[in-house]
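Participant: Just passing along the structure, written as structure tokens.
Values quoted throughout were computed directly from the atomic coordinates according to the rules given, and no laboratory measurement underlies them. The model shown is predicted, which means the values in this text are computed figures rather than measured ones. Cβ placement follows ideal geometry from the backbone for every residue including glycine, while neighbour counts extend to all protein chains displayed.
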């Protein structure tokens, strides 16, 4: 007997974009959703690094944040032209009105909301976060969270991430949203 193939819980009818602060879990949850749904997962930051052959920090240092944000919008647009996928965006991608309009028109957007203690616990030991290269990175993170939350709150759907949730538990909460809003359609039953 052969191994059983895991049952995909339905068909994704459009891409799913995860937004939120650095440390909210966009990449980890994106990977879990990708496996659950058997669709590709893309990370806009990774795509930018691959296409530019520079790290995010190097792009910020050499060309500045506005240049990075322009490239980010171009990468997101390219990825959304393809077949339905899971897309994890950088924390600032959603702040651009042009990106927001594009994402809302072409994808289902889910905000992974997380509070400051959870975010700080996840990013405090990371050295690749250019926006946190300050004399007080925790205060900078708090300021970014306060500044960005009103924009994130414009997302049509939200999952409030809890510190004790596993990656799969958080992904399951996103799946509930996708079923409810029709982004994930039931697979036809086998006859």
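Participant: For segment 104-174, just the Cα set please: Rg and Dmax, both in angstrom.
Facilitator: 13.6, 39
Participant: Gain in length, residue 126 to residue 185, computed as 0.36 nm per residue apart minus the alpha-carbon separation, to one decimal in nm? Please report the intermediate quantities before stating the final value.
Facilitator: Values: separation 59, 0.36 × 59 = 21.24 nm, distance 3.77 nm.
Contour length minus Cα-Cα distance gives 17.5 nm.
Participant: Using the 10 angstrom Cβ neighbour count as an exposure proxy, how do 45, 164, 172, 143 rank, fewest first? All intermediate terms of the calculation are to be shown ahead of the outcome.
Facilitator: Details: 45 23, 164 5, 172 16, 143 13.
Starting with the residue having the fewest Cβ neighbours, the order is 164, 143, 172, 45.
Participant: What percent of all Cα-Cα pairs in segment 22-96 falls in each 5 Å bin, counting up from 0?
Facilitator: Here the calculated profile for segment 22-96 is 3, 16, 26, 25, 18, 8, 3, 1.
Participant: For Rg/Rh (Cα atoms, Kirkwood Rh), one of [x] 1.08; [y] 1.01; [z] 0.98 was computed from the structure I shared and the rest are decoys. Which label?
Facilitator: Checking each listed value against the structure points to [z].
Participant: Between segment 55-100 and segment 149-191, how many Å separate their Cα centres?
Facilitator: Comparing the Cα centres of segment 55-100 and segment 149-191, I get a distance of 22 Å.
Participant: Mean separation of Cα pairs under 8 Å and 6+ residues apart, divided by the residue count of segment 13-170: what relative contact order is that in percent?
Facilitator: Values: 214 pairs, mean separation 57.7, N = 158.
For segment 13-170, the relative contact order is 37 percent.
Participant: Another question, if that's okay. Let me have the 222 nm mean residue ellipticity of the chain computed from DSSP H runs of 4+ only, each contributing -39500 (n - 2.57), with the sum over all residues rounded to the nearest 500. Kindly include the intermediate steps, with their values, before the conclusion.
Facilitator: Values: 8 runs with 93 residues, N = 191.
After summing the helix terms and dividing by the residues of the chain, the value is -15000 deg cm²/dmol.
Participant: For the Cα atoms of the chain, what angle does the longest principal axis make with the long axis of helix 97-106, in degrees from 0 to 90, nearest 10?
Facilitator: It is inclined by approximately 10 degrees.
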